[in-house]
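The values are calculated or read from the model by the stated rules, or taken from the named source; none is laboratory data. As the structure is a prediction and not an experimental result, all values here were calculated from the model. Heads up, the Cβs are rebuilt from the backbone with ideal geometry, glycines too, and the neighbour counts pull from every protein chain shown.
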Amino acid sequence: MNRPSTSRCNTALTDDGLLREAVFKGFRDDLAVRKVKAPRLVPSVAGRPKLGVLRENILQLLPEAVAPSTEELADYWTRLWKKALPHLGHRPLKLVRHVHGTTFYHKGPLPKDIPAAVHQLRIQKREGGQGTRLWVGSLDGFLGLVEIGAVELHPWNATVEDFEHADRIVIDLDPGEGVDWDAVVETALELRTLMKREGFETWPKLTGGKGIHLMAPLDQPVLHDKAHRIAHQLVSALAARHPDRYLLSAQAKRRDRIFLDYLRNGRGTTAIGTYSPRAREGFPIAAPVTWKRIERGIAPDAFTIDSPFRAKPRR
């Protein structure tokens, strides 16, 4: 999904801006209808500067984001694309783009001048209608994404060859304010043990933000709804054991607790891709690491586009 910063996208929304966990709690009789306003993902036209980006293309504005230059991104992908391809290639992508000085989660119509090496996949949206997702399978594809302003790449948990079935599960450990890094590491190790008992072999990914992703490849792809249920069951066991430390709702106040984000699993839902740069100060990357490095306390933003193989010292 931690925003206006970029560590978490709209975890309560699908890629198309629909609520994931909508719950009806009743009507409010203390407000006149004319006073009730729906929340906006994009500020209203009145009183905001022109963005130079079509409003229908913006799922969420990221006003505090910091984007690398196209030259920096092109150089990074030229060096890293072979390592990134097994994780990002041949998967439908959700994009954070930086266009005309504006950084945003993209939705809706795609640019007309998409390079040929950036492939397009037509899909049937769950809520009806046709949609298009981009995917790449080569260095030219990564460079083509740079051309259209893509900074962050958020892949589906499925390949374009079988996009209706998940081939992995992702659990995002998302700490709230007041949670130190050691607590996140401890949680990752405890969840690793729990998942191993259930037959899942995991590997950890630093998010380039403030959390850890536990990545669990599946022996056999399953429908996205089943992957969602499995992820929920896994984190529910841990949350029930320590309700004072963990929570499972994206809407709950999370100060001093860690959100065990299983919502990264589902048709069209995504998490930051392995080796993807982040639109953050210093341009960290979402880096795969060993469990030994996690145990030693490596920082979540230890690797950057300038230094993707050598971790910076922990502050």
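Numbers below:
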| item | result |
| --- | --- |
| Enumeration of residues in the stretch 148-180 that are buried (at least 17 other Cβ atoms within 10 Å of the Cβ) and in a helix (DSSP H, G or I) | V160 |
| Restricting the stretch 187-245 to residues that are out of contact with any helix residue (DSSP H, G or I) (no Cβ under 8 Å at 6 or more places or on another chain) and assigned to a strand (DSSP E or B), the residue that is surrounded by the fewest Cβ atoms within 10 Å (Cβ to Cβ) | Q220 |
| Condition check for G149: in contact with a His (Cβ under 7 Å, 6 or more places away or on another chain), at pLDDT 95 or above and at positive phi | yes |
| Some residue of the stretch 98-108 being among the basic types (K, R) and under 20 Å from I272 (Cβ atoms) | yes |
| Among the candidates G47, G108, residue that is surrounded by fewer than 19 Cβ atoms within 10 Å (Cβ to Cβ), in contact with a helix residue (DSSP H, G or I) (Cβ under 6 Å, 6 or more places away or on another chain) and at pLDDT below 90 | G108 |
| Any chance L73 is of a type in the set (A, V, I, L, M, F, W, C), within 15 Å of L153 (Cβ to Cβ), in contact with a Gly (Cβ under 8 Å, 6 or more places away or on another chain) and not in a loop (DSSP other than H, G, I, E, B) | no |
| So R79, is it within 21 Å of P308 (Cα to Cα), outside the structural domain of R280 (by TED's automatic domain parsing) and not hydroxyl-bearing (S, T, Y) | yes |
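Yes or no, residue by residue, for (1) among the hydrophobic types (A, V, I, L, M, F, W, C); (2) over 18 Å from S307 (Cα atoms); (3) in a loop (DSSP other than H, G, I, E, B); (4) not assigned by TED's automatic domain parsing to the domain that holds V170:
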| position | (1), (2), (3), (4) |
| --- | --- |
| A252 | yes, yes, yes, no |
| D256 | no, yes, yes, no |
| R267 | no, yes, yes, no |
| T274 | no, no, yes, no |
| R280 | no, no, yes, no |
